[in-house]
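Right, one structure below, let's go through it.
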Amino acid sequence: MHPAPINPRDLRVSDAEREHVVLVLQKAIGRGLLDLDEFTRRTDTALAARTRGELNGVLVDLPGITHTDSGPARSGPVEFRNTMSSTKRDGKWVVPSSMRVYNRLGSTELDFTDAVITHADVLVEIDLAGGSVEMLLPDGASVDADDVRVTAGSVTNKTSSGSGRPRFHITGTVTAGSLTLRKPKYVRIGNMVVRRPWKLTWES
């Protein structure tokens with residue numbers, strides 16, 4: 001008796017296939033087919049997918065969007081818009097290769113320490129007028145913020161210099177506001193690790 005054939009949807013997927021789908025989703029958000037929250041939800045699903053059926057489910061309503069291996073998918077930057085309010089991204093969110101931070105009299109916090117970053121270079125354009133933008137970068141990352149133009153504001157770079165990857169290229173303008181770039185600091189107390197900014201983790 002021959003075993004029943006395996007449904008192609010039940011075949012296991014590799015990390016390379018998951019990353020390919022993430023690039024397709026980045027192309028979709030650049031074309032305006034997805035908003036940022038939907039992009040984040042679908043990317044989380046793609047990265048956790050075990051089978052082709054689960055992986056293909058995040059693309060089923062995006063006809064005509066493809067990505068080839070000839071180079072990275074090119075699209076416009078993902079935009080974070082904030083006017084007199086607060087925006088925060090942390091945890092395992094997927095970082096696009098290019099983003100624009102638009103902040104008017106609000107606060108924007110981007111925590112990259114646990115984020116999924118598949119690019120060697122991340123481009124960030126700052127458009128800040130009033131308020132603050134704070135970026136918390138992962139260990140090993142490097143920053144180039146020399147091209148940021150400042151008028152009646154401040155740019156504080158608390159990261160160490162170097163050429164590590166990923167490398168964040170920061171450009172744009174800061175007017176009557178503050179841009180802060182830093183990395184977390186860690187203190188171990190027994191099995192507990194305390195991170196500044198405050199975050200507790202436990203090690204077995």
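Tabulated results
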read-out	value
Cβ pairs under 7 Å, 6+ apart, first in the stretch 44-62 and in contact (Cβ under 8 Å) with a residue 24 or more places away in the chain and in the same structural domain as Ala16 (by TED's automatic domain parsing), second assigned to a helix (DSSP H, G or I) and acidic (Asp, Glu)	Thr51/Asp10; Gly53/Asp10; Leu55/Glu17
Breaking point among (1) of a type outside the set (S, T, N, Q); (2) surrounded by 16 or more Cβ atoms within 10 Å (Cβ to Cβ); (3) part of a loop (DSSP other than H, G, I, E, B), for Gly32	(2)
Residues of the stretch 75-96 satisfying the condition of being in a strand (DSSP E or B) and either under 25 Å from Ala46 (Cα atoms) or among the aromatic types (Phe, Trp, Tyr) (or both)	Val78, Glu79, Phe80, Thr87, Lys88, Arg89, Val94
Residue count, the stretch 28-42 (criterion: touching a Lys or Arg at 6+ places or on another chain (Cβ under 9 Å) and modelled with pLDDT under 80)	1
Residue that is farthest from the chain's Cα centre (by Cα), among those in the stretch 80-106 that are more than 19 Å from Ile29 (Cβ to Cβ) and surrounded by 17 or more Cβ atoms within 10 Å (Cβ to Cβ)	Gly106
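Residue-by-condition table, conditions (1) in contact with a His (Cβ under 8 Å, 6 or more places away or on another chain); (2) at pLDDT 90 or above:
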{"position": "Tyr102", "(1), (2)": "no, yes"}
{"position": "Thr108", "(1), (2)": "no, yes"}
{"position": "Ile117", "(1), (2)": "no, no"}
{"position": "Ala129", "(1), (2)": "no, yes"}
{"position": "Ser132", "(1), (2)": "no, yes"}
{"position": "Val155", "(1), (2)": "no, yes"}
{"position": "Pro166", "(1), (2)": "yes, yes"}
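The values are calculated or read from the model by the stated rules, or taken from the named source; none is laboratory data. The structure presented is a predicted model; accordingly, all values stated were derived computationally and were not measured. Every residue, glycine among them, receives a Cβ derived from its backbone with ideal geometry; neighbour counts consider all protein chains shown.
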